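Have a look at the structure below before the remarks.
The values are calculated or read from the model by the stated rules, or taken from the named source; none is laboratory data. Just so it is clear, the structure is predicted and the values come from calculations on it, not from any experiment. Here the Cβ is made from the backbone with ideal geometry for all residues, glycine too, and neighbour counts use every protein chain on show. Accessible surface areas use protein heavy atoms only, side chains included; no ligands, DNA or RNA. Shrake-Rupley method; radii C 1.70, N 1.55, O 1.52, S 1.80 Å.
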Amino acid sequence: MGQKHLNSVHVDHFKNTAACATEVMPIPETVCISMSQHIGAPCKPLVKKGDAVKVGQLIGDTDAFVSAPIHSSVSGTVKEIKTMRNIMGGNDQMVVIETDGKQEVSEDVKPPVVDSFEDFIKAVRASGLVGLGGASFPTHIKLNPRNADECHDLIVNAAECEPFITSDHRLMLENADSILDGMEAIMKWIDLDHGYLGVESNKPDAIENLNKEIAARGLSDKIKVHVLRSTYPQGAERVMIYEVLGKTMKAGELPAQHGVILSNVTTIAFLGQYLKTGRPLTTKRVTIDGSAVANPKNIIVPIGAHIADVIEACGGYKAEPRKILMGGPMMGRAIYSDEQPIVKNNNAILAFAFEGDAKRFDIKEETGCIKCGRCVSACPFKLMPVSIAAAYDAKDAAKLDALQVMQCMQCGSCSYICPARRPLAFINQMAKGVVKEAQSK
Amino acid sequence: MANKYHSNLVVSASPHMVSPTDTTKIMGTVMLALVPALAVGVYQFGIRALVLTVVCMVACVGFEYLFNMIMKREQTVGDLSAALTGLLIALNCPSSLPLNIAIVGCFCAIIVVKQLFGGIGQNVVNPAVTARIFMFIAFATEMTTWPLSRISHVTEAVNPDGITGATALGQLGHGDGTLASVEYSNLDLFLGNCGGCIGEISAIALLIGGLFLIWKKIISPIIPATFIATVFVLGLIWGGIDGALFHIFAGGVMLGAFFCATDYVTSPTLPMGKVIFGIGCGVITMIIRIFGSYPEGVSFAILLMNILTPFIDNFCEKRAFPLPKPAKGGDK
Ligand code: SF4
Ligand code: SF4
């Protein structure tokens with residue numbers, strides 16, 4: 001299409017589980033549901049020790065504006081309310097539920113009645129939905145921009161550019177109808193003209209399946225699949241908006257400022273399902289993979305399941321895990337213990353044994369920068385990580401600001417490509433701190 | 001329950017995966033790309049060329065190893081950068097160079113130019129190029145005694161002792177300054193049937209290696225292209241198409257353009273800087289060749305541009321504008 005592309009890097013795909021039809025995890029003995037699964041104020045538990053709970057029952061909520069309610073993923077009895085260190089290092093309240101295996105569904109679960117935009121937004125909040133692509137931003141806020149009348153385009157982020165992860169890919173193959181339901185609902189209630197599904201070219205079967213579904217609904221002139229290159233990071237919000245619409249969005253801006261509503265494909269599909277069934281967000285499709293896992297697969301798990309139990313459902317560990325990631329290897333977080341529970345925005349758990357794969361995954365000490373410039377040509381925003389790192393060493397806030405470090409989205413492309421194994425993305429993050437500090441003075 | 005969970009996992013900042021290309025692989029690939037040039041050198045000058053090459057590589061690695069050991073620094077010889085420097089030094093010398101002089105050159109490259117400045121990535125100038133210039137000035141006779149190559153057109157009448165040949169640029173300098181005083185044809189220079197340093201004689205072998213590096217995305221084509229194009233254009237002005245071809249095939253232009261001027265550490269990072277650097281190298285090379293008192297100017301050109309690199313980088317960095325401009329049809 002003659003359009004310019006942003007810089008990106010070729011990252012090995014390792015999509016080992018793309019052909020594995022999704023399985024459903026047996027209900028574990030206990031689940032541990034965090035009260036802080038969204039950006040914003042945490043929820044307060046609405047249940048106490050000894051209470052009986054059912055699937056879909058509201059167990060946590062708050063009056064804070066930026067928040068989303070939390071529902072039980074199982075039926076059983078509340079064993080305790082405890083605090084546990086979360087992956088960010090802070091402490092979260094968790095509701096621990098002993099399951100009874102019956103999975104009785106709460107009486108509150110019924111399809112929402114939506115007759116107006118207000119009903120729609122209320123329903124979205126009640127569903128507990130947050131951005132499932134990783135950001136965990138409450139969806140009902142995102143779908144209610146101040147300038148709704150200026151928004152014309154919906155972009156569904158269906159680029160799964162992180163290596164290993166195939167849960168969105170499976171979703172597009174198995175639940176294309178829910179995706180289209182969700183898109184139609186959003187386009188109807190926010191009154192958007194065009195919908196785009198950004199999918200990478202390495203998923204031809206998903207593209208075909210979506211196109212079939214679009215054609216079957218007669219929506220071909222409203223909704224289009226936009227085929228992206230299969231490079232990293234196509235799924236980053238700002239990259240996606242540029243690639244699909246050619247609009248440059250700066251750090252700190254919202255898609256709505258550019259007339260765009262942008263949401264992850266899993267988020268959209270859940271919304272489509274919820275409007276039909278009224279079943280709140282209590283399960284997630286996740287990819288379980290990595291060299292330490294016996295049977296890598298895609299599996300639907302109850303939110304709150306301990307990661308160790310999820311791995312157990314995938315045949316357990318075949319080698320001692322050395323590093324476990326929530327999310328993909330490029331932007332995912334390393335967790336300190338597999339006792340951590342699954343949260344709403346998990347799309348993958350990857351466990352690495354560092355045997356045979358150590359060269360790529362057990363990241364060695366950095367060596368001297370050879371000034372090769374690879375980091376510069378990798379950055380989608382043409383930042384200069386090598387110069388930023390030098391300015392950071394000198395704690396030169398003015399230079400860092402001039403180098404536009406604040407535009408960095410921490411995609412990790414620069415660190416990935418650096419032959420000296422320098423943690424450039426991490427340095428950028430700390431450099432942002434230096435700039436912020438200087439500005440606040 | 002206590003040991004049901006794994007709680008001793010490695011926690012580090014993302015990304016958790018790196019590309020398969022590390023410094024060692026880059027250096028190794030560059031060495032591989034120099035094999036054709038080395039092979040021609042050994043074929044033309046005999047086993048002595050190979051001996052010199054091995055000695056230089058061992059000396060460079062040895063010096064770096066000892067330096068790191070004595071200074072209690074982390075050992076870096078595994079990155080193959082020292083081995084590559086040794087290889088480049090040897091390829092930039094006549095095959096008859098006494099081994100002790102070569103070892104002094106290696107000392108200069110590794111200890112003085114590289115390690116004293118802080119090791120890999122910290123040097124201001126290219127170690128191999130600087131070592132060559134140092135030896136060239138300090139041991140002028142040995143560095144300009146050119147052994148005869150296997151296939152050479154230099155007849156006994158011209159060269160009665162039959163031991164030393166001459167480089168094409170040397171003949172140019174000693175003659176009347178026109179191509180008529182050069183005995184090699186451009187084809188000889190292209191193939192490597194001529195006198196000169198071990199690694200610089202065959203333009204075709206260097207081209208093969210250089211294009212391999214570009215194909216493997218180890219080097220950007222910008223510096224070699226602008227360097228060679230500049231020499232070509234100035235050669236064209238100097239002596240027409242024959243003159244242009246002569247200047248790009250003779251001497252160290254190919255070796256310098258593909259393998260020395262592209263050294264990441266001592267050349268600019270941004271594309272615009274690479275263009276300035278390549279043109280600068282070409283212009284200085286030709287000024288020295290045509291007006292200077294030395295027959296060859298590639299090493300001096302690269303050295304000078306190395307020194308200017310931080311300024312070029314700075315100049316370009318200020319002009320680079322991060323963030324893409326909106327594509328057509330974008331922001332209205
Ligand atoms: S990629 Fe790494 S080695 Fe290369 S210039 Fe950037 S920081 Fe230096
Ligand atoms: S982490 Fe930041 S600097 Fe590095 S490539 Fe991504 S956006 Fe660019």
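So, in region A:408-434, of the ones that are within 11 Å of ligand 1 (Cβ to nearest atom) and of a type in the set (D, E, K, R), which residue ends up farthest from the other protein chains (Cβ to nearest Cβ)?
Result: A:R422.
So which residues in region A:94-112 are outside any loop (DSSP other than H, G, I, E, B) and either farther than 13 Å from A:K49 by Cβ or open to solvent by less than 80 Å² (accessible area, probe 1.4 Å) (or both), if there are any at all?
Initial filter on region A:94-112 (outside any loop (DSSP other than H, G, I, E, B)): A:94-99, A:105.
If the condition is that a residue be outside any loop (DSSP other than H, G, I, E, B) and either farther than 13 Å from A:K49 by Cβ or open to solvent by less than 80 Å² (accessible area, probe 1.4 Å) (or both), then A:M94, A:V95, A:V96, A:I97, A:T99, A:V105 are the ones that fit.
This table checks each residue for (1) touching a His at 6+ places or on another chain (Cβ under 9 Å); (2) open to solvent by 40 Å² or more (accessible area, probe 1.4 Å); (3) hydrophobic (A, V, I, L, M, F, W, C).
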position	(1), (2), (3)
A:H5	no, yes, no
A:A21	no, yes, yes
A:V24	no, yes, yes
A:S34	no, no, no
A:G56	yes, no, no
A:G60	yes, no, no
A:P69	no, no, no
A:E80	no, yes, no
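Hey, does region A:347-356 have a residue that's away from chain B (no Cβ under 13 Å), within 24 Å of A:C414 (Cα to Cα), in a loop (DSSP other than H, G, I, E, B) and at pLDDT 90 or above?
Yes, because at least one residue in region A:347-356 is away from chain B (no Cβ under 13 Å), within 24 Å of A:C414 (Cα to Cα), in a loop (DSSP other than H, G, I, E, B) and at pLDDT 90 or above.
Filter region A:357-401 down to residues that are open to solvent by 70 Å² or more (accessible area, probe 1.4 Å) and not in a helix (DSSP H, G or I) and give me whichever is nearest to ligand 1 (Cβ to nearest atom).
Once the filter is applied, the top-ranked residue is A:K371.
State whether one or more residues within region B:60-74 are within 14 Å of chain A (Cβ to nearest Cβ), modelled with pLDDT under 95, open to solvent by 40 Å² or more (accessible area, probe 1.4 Å) and within 21 Å of A:C369 (Cβ to Cβ).
yes
I'd like to verify a number: residues in region B:269-282 that are surrounded by fewer than 17 Cβ atoms within 10 Å (Cβ to Cβ) and closer than 18 Å to B:I237 by Cβ, how many?
Count: 0.
Can you tell me which residue is most open to solvent (accessible area, probe 1.4 Å) among those in region A:305-326 that are touching a residue at least 40 places away in the same chain (Cβ under 8 Å) and within 8 Å of another protein chain (Cβ to nearest Cβ)?
A:R322
Could you check region A:36-54 and list, in sequence order, the residues that are of a type in the set (A, V, I, L, M, F, W, C) and open to solvent by 10 Å² or more (accessible area, probe 1.4 Å)?
Our first condition is that a residue be of a type in the set (A, V, I, L, M, F, W, C); within region A:36-54, this holds for A:39, A:41, A:43, A:46-47, A:52-53.
Residues satisfying the conditions are A:I39, A:A41, A:L46, A:V47, A:A52.
Could you list, in sequence order, all residues of region A:411-441 that are surrounded by 17 or more Cβ atoms within 10 Å (Cβ to Cβ), assigned to a helix (DSSP H, G or I) and among the small types (G, A, S)?
A:S413, A:S415, A:A425, A:A431
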